[in-house]
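Here is the structure we will look at.
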Amino acid sequence: MLTDSEEMGIRLIVMARTGQLKMFNCSQCSYELQEMRNCTGEDGERPVWFNPIMGQFFCCPLRMISDEVKKWVDEYDYYTKYPSAYNIKYEECNPKWWDCVKLYDLLMSEFELEQHERQLASIKSK
């Protein structure tokens, strides 16, 4: 039910929130970095970042997060912080919103598991 760009946006938000996109920080990017990372989205000839799952990006990956996905994550945060707002029956829930919740939670769990496995491997190698 999610479009490819919506799924990619949620993946990128998870990556940003888990520190995997630390090097892409709009408030700390210099003008030169913005040009190199094609932050304007005008020059799409040179790849600026590669992800093994999502492939090459020809502009800053944060620019690939749609306003719709940003709105969804804001709503998700709202409901997470204020659980009493969940007074909506499942049958009345927006199916796309629920798909976003499930994908977001899955990606966060996968990242946490990967981090845990790295920590275990690091302990075992000592």
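The values are calculated or read from the model by the stated rules, or taken from the named source; none is laboratory data. For clarity, every value in this text was computed on a predicted model and none was experimentally measured. Backbone-built Cβ (ideal geometry, glycine too); neighbour counts: all protein chains shown.
Filtering region 95-121 to residues that are surrounded by 14 or more Cβ atoms within 10 Å (Cβ to Cβ) and of a type in the set (Ser, Thr, Tyr) leaves only TYR104.
Confirm whether ARG46 is of a type in the set (Lys, Arg) and out of contact with any Gly (no Cβ under 7 Å at 6 or more places or on another chain). Break it down into steps so the answer makes sense when it comes.
On the way: of a type in the set (Lys, Arg): yes; out of contact with any Gly (no Cβ under 7 Å at 6 or more places or on another chain): yes.
Here the answer is yes, as ARG46 does meet what is asked.
Only a single item in (1) in a loop (DSSP other than H, G, I, E, B); (2) at pLDDT 90 or above; (3) not basic (Lys, Arg) is not met by ASP99, and it is number (1).
Summed over region 29-75, the residues that are assigned to a helix (DSSP H, G or I) and in contact with a strand residue (DSSP E or B) (Cβ under 6 Å, 6 or more places away or on another chain) give a count of 1. Step by step: first the residues of region 67-94, then only those that are hydroxyl-bearing (Ser, Thr, Tyr) and farther than 13 Å from ILE10 by Cβ, then the one that is surrounded by the most Cβ atoms within 10 Å (Cβ to Cβ). Which residue is that? By that ranking, first place goes to TYR79.
Kindly indicate which of VAL69, VAL48 is aliphatic (A, V, I, L, M) and closer than 16 Å to SER5 by Cα. So the residue among VAL69, VAL48 that is aliphatic (A, V, I, L, M) and closer than 16 Å to SER5 by Cα is VAL69. Of the residues making up region 1-26, those that are surrounded by 15 or more Cβ atoms within 10 Å (Cβ to Cβ) and assigned to a helix (DSSP H, G or I) are GLU6, GLU7, MET8, GLY9, ILE10, ARG11, LEU12, ILE13, VAL14, MET15, ALA16.
Only one entry of ARG46, ARG37 meets the criterion of being farther than 25 Å from VAL101 by Cβ, surrounded by fewer than 12 Cβ atoms within 10 Å (Cβ to Cβ) and out of contact with any Asp or Glu (no Cβ under 7 Å at 6 or more places or on another chain), and that entry is ARG46.
For beta carbons closer than 7 Å, sequence separation of 6+ or different chains, a first residue in region 72-89 that is among the β-branched types (Val, Ile, Thr) and a second that is modelled with pLDDT of 80 or more, the qualifying pairs are VAL73/ILE13. Every test in (1) in contact with a Leu (Cβ under 9 Å, 6 or more places away or on another chain); (2) of a type in the set (A, V, I, L, M); (3) farther than 26 Å from MET1 by Cβ is passed by ALA121 save one, and that test is (1).
Looking at PRO61, PRO52, which one is within 15 Å of the chain's Cα centre (by Cα) and surrounded by 12 or more Cβ atoms within 10 Å (Cβ to Cβ)? Steps first, answer last, please.
Numbers: PRO52 fails: surrounded by 12 or more Cβ atoms within 10 Å (Cβ to Cβ).
Just a single option satisfies the conditions, and that option is PRO61.
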